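The values are calculated or read from the model by the stated rules, or taken from the named source; none is laboratory data. Please read these numbers as outputs of a predicted model, since none were measured by experiment. Please note: Cβ atoms are built from the backbone with ideal geometry, for glycine as well, and neighbour counts cover all protein chains shown.
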Amino acid sequence: MTGARRHLDDRAVAGDGTPQPHKFVLTRVIALMNQKGGVGKTTTTVNLAAGLARRGRRTLLIDLDPQAHSTLHLGTNPDEVKVSAYDLLLEPERAGEAARECRPNLWLVPSVTDLAAAESELASADDRQERLTRAVAVLRSRFEFILFDCPPSLGLLTLNALAAAREVIVPMQAHFLALQGLGKLLETVHLVGKGVNPRLRVSGVVLCMHEETTKHAKEVVADIARFFEESSKQDLPWRGARVYKPPIRRNIKLAECPSFGQTIFEYAPTCPGAADYERLADAFITEWDALLARRSASGGDEPLAVTIPANAPAGAVR
Ligand SMILES: Nc1ncnc2c1ncn2[C@@H]1O[C@H](COP(=O)(O)OP(=O)(O)O)[C@@H](O)[C@H]1O
Ligand SMILES: [Mg+2]
(Lines give C-alpha, C1' and ligand atoms only; values in the text may rest on other atoms or scores of the structure.)
(Ligands and ions follow the chains in the order given, each with its own letter.)
Protein backbone atom coordinates (compact mmCIF):
# COMPACT_ATOMS: atom_id res chain seq x y z
CA MET A 1 0.00 0.00 0.00
CA THR A 2 1.52 3.32 -1.02
CA GLY A 3 1.48 6.57 0.85
CA ALA A 4 -0.97 7.75 -1.78
CA ARG A 5 -3.77 5.51 -0.55
CA ARG A 6 -6.36 7.83 0.77
CA HIS A 7 -8.36 6.00 3.29
CA LEU A 8 -8.12 4.86 6.81
CA ASP A 9 -6.85 1.34 6.69
CA ASP A 10 -9.53 -1.35 6.65
CA ARG A 11 -8.18 -2.72 9.87
CA ALA A 12 -7.86 0.65 11.54
CA VAL A 13 -9.25 0.73 15.05
CA ALA A 14 -9.88 3.61 17.35
CA GLY A 15 -8.03 3.97 20.63
CA ASP A 16 -10.82 2.11 22.43
CA GLY A 17 -10.57 -0.79 19.99
CA THR A 18 -13.77 -0.12 18.00
CA PRO A 19 -13.39 -0.51 14.21
CA GLN A 20 -13.36 2.75 12.31
CA PRO A 21 -15.71 3.18 9.37
CA HIS A 22 -14.18 3.23 5.91
CA LYS A 23 -13.30 6.71 4.87
CA PHE A 24 -12.10 7.46 1.37
CA VAL A 25 -11.08 10.99 0.55
CA LEU A 26 -11.00 10.27 -3.19
CA THR A 27 -13.28 7.94 -5.07
CA ARG A 28 -13.17 6.82 -8.69
CA VAL A 29 -16.70 7.25 -10.05
CA ILE A 30 -17.27 5.61 -13.43
CA ALA A 31 -20.31 5.39 -15.72
CA LEU A 32 -20.20 2.36 -18.02
CA MET A 33 -22.18 3.62 -20.91
CA ASN A 34 -23.15 2.75 -24.45
CA GLN A 35 -26.50 3.62 -25.97
CA LYS A 36 -26.44 0.30 -27.75
CA GLY A 37 -27.75 -2.78 -25.92
CA GLY A 38 -26.03 -6.15 -25.84
CA VAL A 39 -22.48 -4.78 -26.07
CA GLY A 40 -21.20 -6.01 -22.69
CA LYS A 41 -22.00 -3.12 -20.30
CA THR A 42 -23.54 -5.27 -17.60
CA THR A 43 -21.04 -8.12 -17.94
CA THR A 44 -18.22 -5.61 -17.63
CA THR A 45 -19.73 -3.62 -14.77
CA VAL A 46 -20.40 -6.72 -12.67
CA ASN A 47 -17.15 -8.55 -13.30
CA LEU A 48 -14.96 -5.47 -13.16
CA ALA A 49 -16.60 -4.51 -9.85
CA ALA A 50 -16.12 -8.06 -8.58
CA GLY A 51 -12.48 -8.03 -9.72
CA LEU A 52 -11.84 -4.76 -7.86
CA ALA A 53 -13.55 -6.09 -4.73
CA ARG A 54 -11.47 -9.27 -4.86
CA ARG A 55 -8.38 -7.11 -4.73
CA GLY A 56 -9.65 -5.61 -1.51
CA ARG A 57 -10.93 -2.36 -3.03
CA ARG A 58 -14.28 -1.33 -1.61
CA THR A 59 -16.56 -1.05 -4.60
CA LEU A 60 -20.16 0.02 -5.09
CA LEU A 61 -22.16 -0.94 -8.16
CA ILE A 62 -25.28 1.13 -8.81
CA ASP A 63 -27.62 -0.64 -11.22
CA LEU A 64 -29.35 2.11 -13.20
CA ASP A 65 -30.97 -0.17 -15.78
CA PRO A 66 -34.67 -0.96 -15.16
CA GLN A 67 -33.96 -4.37 -16.67
CA ALA A 68 -32.00 -5.06 -13.45
CA HIS A 69 -29.47 -7.29 -15.21
CA SER A 70 -26.58 -6.40 -12.89
CA THR A 71 -28.82 -7.00 -9.90
CA LEU A 72 -29.78 -10.45 -11.20
CA HIS A 73 -26.20 -11.20 -12.20
CA LEU A 74 -25.17 -10.67 -8.60
CA GLY A 75 -27.86 -13.07 -7.43
CA THR A 76 -30.30 -10.49 -6.07
CA ASN A 77 -33.96 -10.93 -6.95
CA PRO A 78 -35.36 -7.49 -7.88
CA ASP A 79 -38.81 -8.59 -6.68
CA GLU A 80 -37.45 -8.94 -3.16
CA VAL A 81 -35.62 -5.64 -3.09
CA LYS A 82 -36.96 -3.19 -0.52
CA VAL A 83 -34.80 -0.14 -1.18
CA SER A 84 -33.47 0.32 -4.71
CA ALA A 85 -31.97 2.79 -7.15
CA TYR A 86 -35.51 4.09 -7.56
CA ASP A 87 -35.64 5.17 -3.91
CA LEU A 88 -32.12 6.50 -4.17
CA LEU A 89 -33.17 8.86 -6.98
CA LEU A 90 -36.35 9.96 -5.23
CA GLU A 91 -34.65 10.51 -1.88
CA PRO A 92 -30.91 10.92 -2.46
CA GLU A 93 -30.23 11.80 1.18
CA ARG A 94 -31.28 8.28 2.15
CA ALA A 95 -28.90 6.66 -0.33
CA GLY A 96 -27.12 4.81 2.48
CA GLU A 97 -30.18 2.63 2.95
CA ALA A 98 -30.12 1.49 -0.69
CA ALA A 99 -26.58 0.08 -0.68
CA ARG A 100 -26.22 -3.52 0.50
CA GLU A 101 -23.11 -5.63 0.78
CA CYS A 102 -23.50 -8.59 -1.58
CA ARG A 103 -19.92 -9.93 -1.51
CA PRO A 104 -16.88 -9.03 0.58
CA ASN A 105 -15.97 -5.44 -0.42
CA LEU A 106 -18.71 -5.38 -3.07
CA TRP A 107 -21.86 -3.38 -2.49
CA LEU A 108 -24.90 -3.08 -4.70
CA VAL A 109 -27.66 -0.54 -5.12
CA PRO A 110 -30.10 -2.84 -6.88
CA SER A 111 -32.47 -1.94 -9.65
CA VAL A 112 -36.16 -2.74 -9.91
CA THR A 113 -38.48 -2.42 -12.89
CA ASP A 114 -40.10 0.56 -11.17
CA LEU A 115 -36.92 2.42 -11.96
CA ALA A 116 -38.39 3.10 -15.40
CA ALA A 117 -41.12 5.08 -13.65
CA ALA A 118 -38.53 7.30 -11.99
CA GLU A 119 -37.82 8.87 -15.37
CA SER A 120 -41.35 10.19 -15.70
CA GLU A 121 -41.81 10.90 -11.97
CA LEU A 122 -38.73 13.08 -11.94
CA ALA A 123 -39.42 14.70 -15.29
CA SER A 124 -40.79 17.92 -13.80
CA ALA A 125 -38.27 18.21 -10.93
CA ASP A 126 -35.81 21.07 -11.36
CA ASP A 127 -32.95 18.97 -10.05
CA ARG A 128 -33.92 15.86 -12.04
CA GLN A 129 -30.44 15.43 -13.50
CA GLU A 130 -28.63 15.84 -10.21
CA ARG A 131 -30.34 13.26 -8.04
CA LEU A 132 -27.64 10.65 -8.46
CA THR A 133 -24.93 13.27 -7.87
CA ARG A 134 -26.53 14.01 -4.50
CA ALA A 135 -26.77 10.31 -3.66
CA VAL A 136 -23.13 9.77 -4.58
CA ALA A 137 -22.16 12.68 -2.33
CA VAL A 138 -23.77 10.78 0.53
CA LEU A 139 -22.08 7.48 -0.32
CA ARG A 140 -18.71 8.28 -1.81
CA SER A 141 -16.56 8.40 1.30
CA ARG A 142 -17.45 4.76 1.99
CA PHE A 143 -16.10 3.49 -1.35
CA GLU A 144 -12.96 3.64 -3.40
CA PHE A 145 -14.72 2.73 -6.66
CA ILE A 146 -18.30 3.49 -7.69
CA LEU A 147 -19.54 2.00 -10.97
CA PHE A 148 -22.84 2.76 -12.71
CA ASP A 149 -24.38 0.19 -15.04
CA CYS A 150 -26.34 2.39 -17.46
CA PRO A 151 -29.42 1.50 -19.49
CA PRO A 152 -29.05 1.37 -23.29
CA SER A 153 -30.63 4.78 -23.83
CA LEU A 154 -29.95 8.43 -23.26
CA GLY A 155 -32.84 9.06 -20.91
CA LEU A 156 -32.86 10.69 -17.51
CA LEU A 157 -31.19 7.71 -15.82
CA THR A 158 -28.15 7.91 -18.09
CA LEU A 159 -28.08 11.69 -17.78
CA ASN A 160 -27.95 11.29 -14.00
CA ALA A 161 -25.03 8.89 -14.43
CA LEU A 162 -23.18 11.34 -16.69
CA ALA A 163 -23.78 14.14 -14.21
CA ALA A 164 -22.56 12.12 -11.22
CA ALA A 165 -19.55 10.36 -12.77
CA ARG A 166 -16.03 11.66 -13.23
CA GLU A 167 -15.29 9.18 -15.98
CA VAL A 168 -17.07 7.31 -18.75
CA ILE A 169 -15.97 3.87 -19.88
CA VAL A 170 -17.46 2.59 -23.12
CA PRO A 171 -17.88 -1.18 -23.38
CA MET A 172 -18.18 -2.05 -27.07
CA GLN A 173 -17.50 -4.64 -29.69
CA ALA A 174 -14.92 -4.14 -32.40
CA HIS A 175 -17.31 -3.88 -35.32
CA PHE A 176 -17.23 -1.29 -38.04
CA LEU A 177 -20.68 -0.03 -37.09
CA ALA A 178 -19.69 0.10 -33.43
CA LEU A 179 -16.92 2.48 -34.41
CA GLN A 180 -19.42 4.79 -36.05
CA GLY A 181 -21.52 4.60 -32.89
CA LEU A 182 -18.51 5.46 -30.74
CA GLY A 183 -18.04 8.81 -32.48
CA LYS A 184 -21.67 9.72 -31.86
CA LEU A 185 -21.52 8.53 -28.29
CA LEU A 186 -18.45 10.62 -27.55
CA GLU A 187 -20.13 13.69 -29.03
CA THR A 188 -23.10 13.04 -26.77
CA VAL A 189 -20.86 12.82 -23.72
CA HIS A 190 -19.30 16.09 -24.82
CA LEU A 191 -22.64 17.86 -25.15
CA VAL A 192 -24.04 16.49 -21.92
CA GLY A 193 -20.83 17.21 -20.11
CA LYS A 194 -20.88 20.84 -21.19
CA GLY A 195 -24.33 21.19 -19.68
CA VAL A 196 -24.24 19.27 -16.41
CA ASN A 197 -20.69 18.08 -15.79
CA PRO A 198 -17.86 19.88 -17.59
CA ARG A 199 -15.24 17.77 -15.79
CA LEU A 200 -16.55 14.54 -17.23
CA ARG A 201 -13.86 12.58 -19.08
CA VAL A 202 -13.92 9.49 -21.26
CA SER A 203 -11.19 7.21 -19.94
CA GLY A 204 -11.48 4.64 -22.66
CA VAL A 205 -13.07 1.70 -24.35
CA VAL A 206 -13.30 -1.87 -23.09
CA LEU A 207 -13.54 -4.31 -25.97
CA CYS A 208 -16.08 -7.01 -25.21
CA MET A 209 -16.81 -10.37 -26.86
CA HIS A 210 -13.54 -9.83 -28.64
CA GLU A 211 -12.37 -12.08 -31.45
CA GLU A 212 -8.70 -11.15 -31.49
CA THR A 213 -7.77 -13.35 -34.39
CA THR A 214 -10.07 -11.78 -36.96
CA LYS A 215 -8.57 -9.26 -39.36
CA HIS A 216 -11.68 -7.12 -39.10
CA ALA A 217 -11.43 -6.81 -35.30
CA LYS A 218 -7.75 -5.90 -35.55
CA GLU A 219 -8.52 -3.17 -38.07
CA VAL A 220 -11.29 -1.71 -35.95
CA VAL A 221 -9.09 -1.70 -32.82
CA ALA A 222 -6.37 0.10 -34.78
CA ASP A 223 -8.97 2.61 -36.01
CA ILE A 224 -10.18 3.32 -32.48
CA ALA A 225 -6.62 3.75 -31.21
CA ARG A 226 -5.86 6.12 -34.10
CA PHE A 227 -9.04 8.08 -33.42
CA PHE A 228 -8.02 8.59 -29.79
CA GLU A 229 -4.49 9.44 -30.81
CA GLU A 230 -5.71 12.12 -33.23
CA SER A 231 -7.93 13.66 -30.53
CA SER A 232 -5.13 13.70 -27.99
CA LYS A 233 -4.12 17.29 -28.71
CA GLN A 234 -7.61 18.74 -28.59
CA ASP A 235 -9.42 19.77 -25.46
CA LEU A 236 -12.08 17.11 -25.72
CA PRO A 237 -13.51 14.89 -22.98
CA TRP A 238 -11.83 11.87 -24.59
CA ARG A 239 -8.38 13.40 -24.74
CA GLY A 240 -5.99 10.74 -23.47
CA ALA A 241 -8.59 7.97 -23.73
CA ARG A 242 -7.33 4.48 -24.52
CA VAL A 243 -8.40 1.04 -25.56
CA TYR A 244 -8.08 -0.86 -22.29
CA LYS A 245 -5.99 -3.97 -22.15
CA PRO A 246 -6.75 -6.74 -22.18
CA PRO A 247 -9.76 -6.95 -24.47
CA ILE A 248 -12.38 -9.30 -23.04
CA ARG A 249 -12.45 -12.38 -25.23
CA ARG A 250 -15.68 -14.02 -26.23
CA ASN A 251 -16.17 -16.72 -23.64
CA ILE A 252 -19.31 -18.78 -23.16
CA LYS A 253 -18.81 -18.91 -19.39
CA LEU A 254 -19.39 -15.16 -19.25
CA ALA A 255 -22.75 -15.67 -20.94
CA GLU A 256 -23.68 -18.50 -18.60
CA CYS A 257 -22.82 -17.06 -15.19
CA PRO A 258 -25.61 -14.42 -14.93
CA SER A 259 -28.31 -17.08 -14.86
CA PHE A 260 -26.62 -18.60 -11.81
CA GLY A 261 -26.50 -15.23 -10.06
CA GLN A 262 -22.72 -15.51 -9.91
CA THR A 263 -19.78 -13.43 -11.02
CA ILE A 264 -17.31 -15.07 -13.38
CA PHE A 265 -14.89 -15.50 -10.46
CA GLU A 266 -17.44 -17.61 -8.62
CA TYR A 267 -18.84 -19.50 -11.60
CA ALA A 268 -15.68 -20.36 -13.54
CA PRO A 269 -12.61 -18.91 -11.82
CA THR A 270 -10.10 -20.48 -14.20
CA CYS A 271 -11.78 -19.63 -17.52
CA PRO A 272 -10.42 -17.02 -19.96
CA GLY A 273 -13.28 -14.65 -19.03
CA ALA A 274 -12.18 -14.63 -15.38
CA ALA A 275 -8.55 -14.09 -16.41
CA ASP A 276 -9.50 -11.16 -18.66
CA TYR A 277 -11.65 -9.40 -16.07
CA GLU A 278 -9.03 -9.96 -13.39
CA ARG A 279 -6.39 -8.30 -15.58
CA LEU A 280 -8.79 -5.49 -16.46
CA ALA A 281 -9.49 -4.83 -12.77
CA ASP A 282 -5.74 -4.77 -12.16
CA ALA A 283 -5.30 -2.25 -14.99
CA PHE A 284 -7.92 0.01 -13.36
CA ILE A 285 -6.24 -0.30 -9.98
CA THR A 286 -2.77 0.37 -11.38
CA GLU A 287 -3.76 3.55 -13.19
CA TRP A 288 -5.77 4.78 -10.22
CA ASP A 289 -2.96 4.17 -7.75
CA ALA A 290 -0.51 5.84 -10.15
CA LEU A 291 -2.78 8.87 -10.43
CA LEU A 292 -3.12 9.12 -6.67
CA ALA A 293 0.62 8.83 -6.23
CA ARG A 294 1.19 11.66 -8.74
CA ARG A 295 -1.47 13.69 -7.04
CA SER A 296 0.06 13.11 -3.68
CA ALA A 297 3.52 14.06 -5.00
CA SER A 298 2.18 17.26 -6.55
CA GLY A 299 0.44 18.31 -3.37
CA GLY A 300 -3.02 17.63 -4.78
CA ASP A 301 -2.62 19.60 -7.98
CA GLU A 302 -2.97 16.61 -10.27
CA PRO A 303 -6.40 16.46 -11.93
CA LEU A 304 -8.49 13.59 -10.72
CA ALA A 305 -8.89 11.99 -14.12
CA VAL A 306 -6.83 9.09 -15.32
CA THR A 307 -6.93 10.37 -18.89
CA ILE A 308 -5.22 13.68 -18.38
CA PRO A 309 -1.44 13.77 -18.60
CA ALA A 310 0.62 15.12 -15.74
CA ASN A 311 1.31 18.41 -17.52
CA ALA A 312 -2.38 19.26 -17.99
CA PRO A 313 -3.33 22.85 -17.15
CA ALA A 314 -4.16 23.43 -13.52
CA GLY A 315 -7.62 24.61 -14.59
CA ALA A 316 -8.57 21.00 -15.11
CA VAL A 317 -8.21 20.17 -11.43
CA ARG A 318 -11.33 18.83 -9.87
N1 LIG B 1 -17.06 -11.75 -23.44
C2 LIG B 1 -18.26 -12.34 -23.62
N3 LIG B 1 -18.34 -13.58 -24.13
C4 LIG B 1 -19.53 -14.18 -24.32
N5 LIG B 1 -20.72 -13.62 -24.05
C6 LIG B 1 -20.71 -12.37 -23.53
C7 LIG B 1 -19.49 -11.66 -23.29
N8 LIG B 1 -19.81 -10.45 -22.79
C9 LIG B 1 -21.14 -10.39 -22.72
N10 LIG B 1 -21.71 -11.54 -23.16
C11 LIG B 1 -23.14 -11.85 -23.29
O12 LIG B 1 -23.67 -10.96 -24.26
C13 LIG B 1 -24.96 -10.52 -23.89
C14 LIG B 1 -24.99 -9.00 -23.77
O15 LIG B 1 -24.09 -8.62 -22.74
P16 LIG B 1 -24.50 -7.54 -21.63
O17 LIG B 1 -23.35 -7.40 -20.72
O18 LIG B 1 -25.81 -7.92 -21.00
O19 LIG B 1 -24.68 -6.26 -22.52
P20 LIG B 1 -25.41 -4.85 -22.22
O21 LIG B 1 -25.43 -4.65 -20.76
O22 LIG B 1 -24.58 -3.85 -22.96
O23 LIG B 1 -26.79 -4.98 -22.80
C24 LIG B 1 -25.28 -11.22 -22.57
O25 LIG B 1 -26.02 -12.38 -22.84
C26 LIG B 1 -23.90 -11.57 -22.02
O27 LIG B 1 -23.95 -12.70 -21.19
MG1 LIG C 1 -27.06 -4.25 -19.49
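Entry remark, segment 227-243: residues being at pLDDT 90 or above and of a type in the set (Lys, Arg) number 2 in total.
Listed by first and then second residue, the pairs linking a residue in segment 196-216 that is farther than 22 Å from Ala163 by Cβ to a residue that is basic (Lys, Arg) and assigned to a helix (DSSP H, G or I), with Cβ atoms under 9 Å apart and 6 or more places separating them unless they lie on different chains, are Cys208/Lys41; Glu212/Lys218. Scanning segment 133-177 for residues that are touching a helix residue (DSSP H, G or I) at 6+ places or on another chain (Cβ under 7 Å), over 19 Å from Leu61 (Cβ atoms) and within 16 Å of ligand 2 (Cβ to nearest atom) turns up Leu154, Gly155, Met172. Cβ-Cβ distances below 7 Å connect the following pairs, each with a first residue in segment 60-74 that is under 17 Å from Ile146 (Cα atoms), a second residue that is among the aromatic types (Phe, Trp, Tyr) and more than 11 Å from ligand 1 (Cβ to nearest atom), and a separation of six or more residues or different chains: Leu60/Trp107; Leu60/Phe143; Ile62/Phe148; Leu64/Phe148.
Here are some residues: Arg134, Arg140, Arg128. Which one is surrounded by 15 or more Cβ atoms within 10 Å (Cβ to Cβ), without any contact (Cβ under 8 Å) to a residue 40 or more places away in the chain and farther than 17 Å from Pro78 by Cβ? Before the answer, list the steps.
Details: Arg134 fails: without any contact (Cβ under 8 Å) to a residue 40 or more places away in the chain; Arg140 fails: without any contact (Cβ under 8 Å) to a residue 40 or more places away in the chain.
One residue alone meets the criteria, Arg128.
Looking at (1) in contact with a Pro (Cβ under 7 Å, 6 or more places away or on another chain); (2) modelled with pLDDT of 95 or more, can you tell me which one Pro258 breaks? The failed condition is (1). Here Asp10 clears all of (1) modelled with pLDDT of 95 or more; (2) assigned to a loop (DSSP other than H, G, I, E, B); (3) among the acidic types (Asp, Glu) except the condition numbered (1). Counting only residues that are in a helix (DSSP H, G or I), of a type in the set (S, T, N, Q) and closer than 17 Å to Gly40 by Cβ, segment 225-273 holds 1 of them. Only one of the listed residues (Arg242, Arg199, Arg250, Arg279) is touching a Ser or Thr at 6+ places or on another chain (Cβ under 8 Å) and among the basic types (Lys, Arg). That residue is Arg242.
Of all residues in segment 135-185, those satisfying the criterion of being assigned to a loop (DSSP other than H, G, I, E, B) and under 17 Å from the mean Cα position of the chain (by Cα) are Phe143, Glu144, Cys150, Pro151, Pro152, Ser153, Leu154, Ala165, Arg166. Each residue in segment 100-149 was checked for being of a type in the set (Lys, Arg) and closer than 22 Å to Val196 by Cβ, and 4 pass.
Each residue in segment 13-56 was checked for being away from ligand 2 (no atom under 15 Å from the Cβ), of a type in the set (S, T, N, Q) and at pLDDT 75 or above, and 1 pass.
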